[in-house]
Amino acid sequence: MDKLGKMFGNLGKLGDAAGMMKKLQEVQGRLEKTIVTGVGGGGMVRVQVSGARKCVGVELDPLLLAPEKRRMAEDLVKAAVTDALAQMSEAEAREQMAAASSMMGELGGLMGHLKHGGGGSGSGGAGGSGGGGPFQLK
């Protein structure tokens, strides 16, 4: 196989959209199984949120169950939910960055191949008068 054939053969492998979709689905699957805990009132309220952005648990300090503490309990639950959702957003960003970094690493390998091994033999060809041929990166 000539250099041009190798170059485009590698492009087909690394640019495989199905493979990238599979990685993204794996990330989404991990995130959906992730549970984070948001805290309000210094731990008086704890709320668990899943990666699917569903509240899956609430824990209240018994002191908040007194009728005169109702308003404070409501505010603390809101604070805990907000905290949990912010933590989930951070977890999503970390997972997405890791997946993107992995994909960029694969693309970087392709770019290195194009830059160092994808050129022609200096015979001119369709891309000009010698050097690296029509697909050389500079």
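Rundown of residues vs (1) of a type in the set (V, I, T); (2) on the phi > 0 side of the Ramachandran plot, yes/no style:
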site: V36; (1), (2): yes, no
site: V45; (1), (2): yes, no
site: V49; (1), (2): yes, no
site: R53; (1), (2): no, yes
site: R70; (1), (2): no, no
site: A73; (1), (2): no, no
site: V81; (1), (2): yes, no
site: A84; (1), (2): no, no
**Any chance E90 is assigned to a helix (DSSP H, G or I), closer than 30 Å to K22 by Cβ, modelled with pLDDT under 90 and of a type in the set (D, E)** = no
**Request:** Hey, can you tell me all the residues within segment 24-57 that are out of contact with any Cys (no Cβ under 8 Å at 6 or more places or on another chain), surrounded by 18 or more Cβ atoms within 10 Å (Cβ to Cβ) and assigned to a strand (DSSP E or B)?
**Result:** V36, G38, G40, V45, R46
**Complete:** Those residues of segment 58-80 which are assigned to a helix (DSSP H, G or I), of a type outside the set (D, E, K, R) and open to solvent by 50 Å² or more (accessible area, probe 1.4 Å) amount to P62, L63, L65, P67, M72
**Prompt:** Which residue out of G109, G105, G120 is outside any helix (DSSP H, G or I), open to solvent by less than 80 Å² (accessible area, probe 1.4 Å) and either under 30 Å from R30 (Cα atoms) or modelled with pLDDT under 90 (or both)?
**Reply:** G120
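The values are calculated or read from the model by the stated rules, or taken from the named source; none is laboratory data. Predicted, not measured: the structure shown is a model, and the values here were computed from it. Please note: Cβ atoms are built from the backbone with ideal geometry, for glycine as well, and neighbour counts cover all protein chains shown. In case anyone asks, the SASA skips ligands and DNA or RNA and just uses the protein heavy atoms, side chains included. Shrake-Rupley method; radii C 1.70, N 1.55, O 1.52, S 1.80 Å.
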